[in-house]
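Single-structure report; data block below.
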Amino acid sequence: MKKTLILILISIISFNAFADSYYFAWDGIGVAAKHNWNTAYSYGSYQYKGIANGLGTGGMEIYQTYNINYDQEKNNTVGTAMRYKVLYRFVSPMVAFQMNKSGNLQCYVTGGVGDLQSGTATVHKWSHVPWSQAGAAYDSSIDQSATVNSYAIRLGFGFVQFFPLGGNFHMFMNEDFGWIATPLFDVTDPAYSGMRTNTAHLFEPAYFSFRIGIAFITHSRDAKNPYKIYFKEEGR
């Protein structure tokens, strides 16, 4: 899955040469919705065209890191902790909507498949009880990096605000909420047995992200309403 897939998608929907085209490149930081509110870096691009007044379709490419530290059991005599940091590249169709008359506030929904770029995962298990039915005291770390799933499904939505820079170039800010719809690990793996949390939720993280970047919007240089999503140039 390469960036060319997005370009192909855009080409398919660009059946009218006068439709507005939006091109975005951004960097961002995300905060996990739970499990110590760990932060993670993300970056990517997205592109879409107007297919009706106020409506656009296109594609998004996201490089998203998931940096999760589960240690809610750290004060327990017997417990399990986990730390994982994985990077996925997602390619997702998207639909964009104009939210106000000027068009400088837009929203989008997106969903797609990501392939694993890199990942590390460690499970820490311990028992500080000198003797129990489970056996003697122990403290061990298990490397689970090889068990990260190769693919994941991500769903998301967000809001975008525009600010002019000059010509067809504009700055934008983007607030995004995205969540994993399929576990990043096999929840039935014995390494996760005994964890006092919902492992399905632990392995399907959600992130609130703030992004900032540069947008190139065709036909916007001399437009009275540069951010409106139009199907045809004469609609301006």
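Annotations for the structure displayed:
- Segment 198-224, residues that are farther than 12 Å from G166 by Cα, not in a loop (DSSP other than H, G, I, E, B) and not aromatic (F, W, Y): T199, A200, H201, L202, A206, S209, R211, I212, G213
- Residues being outside any loop (DSSP other than H, G, I, E, B), free of Cβ contacts under 8 Å to residues at least 40 places away in the same chain, out of contact with any Ser or Thr (no Cβ under 7 Å at 6 or more places or on another chain) and under 21 Å from L202 (Cβ atoms) - total across segment 21-66: 1
- Test result for M82, touching a residue at least 60 places away in the same chain (Cβ under 8 Å) and open to solvent by 10 Å² or more (accessible area, probe 1.4 Å): no
- Residues in segment 70-97 that are in a strand (DSSP E or B) and either among the acidic types (D, E) or more than 18 Å from the chain's Cα centre (by Cα) (or both): Y70, V78, G79, T80, A81, M82, R83, F97.
- The set of residues from segment 174-197 being part of a loop (DSSP other than H, G, I, E, B), more than 24 Å from N75 (Cβ to Cβ) and open to solvent by 10 Å² or more (accessible area, probe 1.4 Å) comprises A181, T182, P183, D186, V187, T188, D189.
- The single condition from (1) under 27 Å from H170 (Cα atoms); (2) touching a residue at least 24 places away in the same chain (Cβ under 8 Å) that N100 fails is (2).
- V160 being of a type in the set (A, V, I, L, M) and at pLDDT below 95: no
- Selection from segment 43-65 of residues that are open to solvent by 10 Å² or more (accessible area, probe 1.4 Å) and closer than 14 Å to I214 by Cα: Y43, G44, S45, Q47
Rundown of residues vs (1) more than 22 Å from R211 (Cα to Cα); (2) modelled with pLDDT of 90 or more, yes/no style:
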site: M82; (1), (2): yes, yes
site: K85; (1), (2): no, yes
site: G103; (1), (2): no, no
site: G112; (1), (2): no, yes
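- The strands (runs of 3 or more DSSP E) found entirely in segment 98-171 that carry 2 or more residues being surrounded by 14 or more Cβ atoms within 10 Å (Cβ to Cβ) and among the polar types (S, T, N, Q) are 105-132.
- When restricted to residues that are at pLDDT 50 or above, open to solvent by 70 Å² or more (accessible area, probe 1.4 Å) and touching a Gly at 6+ places or on another chain (Cβ under 9 Å), segment 1-42 contains 3.
The values are calculated or read from the model by the stated rules, or taken from the named source; none is laboratory data. No experiment lies behind these values; they were computed from the predicted model shown. Please note: Cβ atoms are built from the backbone with ideal geometry, for glycine as well, and neighbour counts cover all protein chains shown. Heads up: the accessible areas ignore ligands, DNA and RNA and are worked out on the full protein's heavy atoms, side chains in. Shrake-Rupley method; radii C 1.70, N 1.55, O 1.52, S 1.80 Å.
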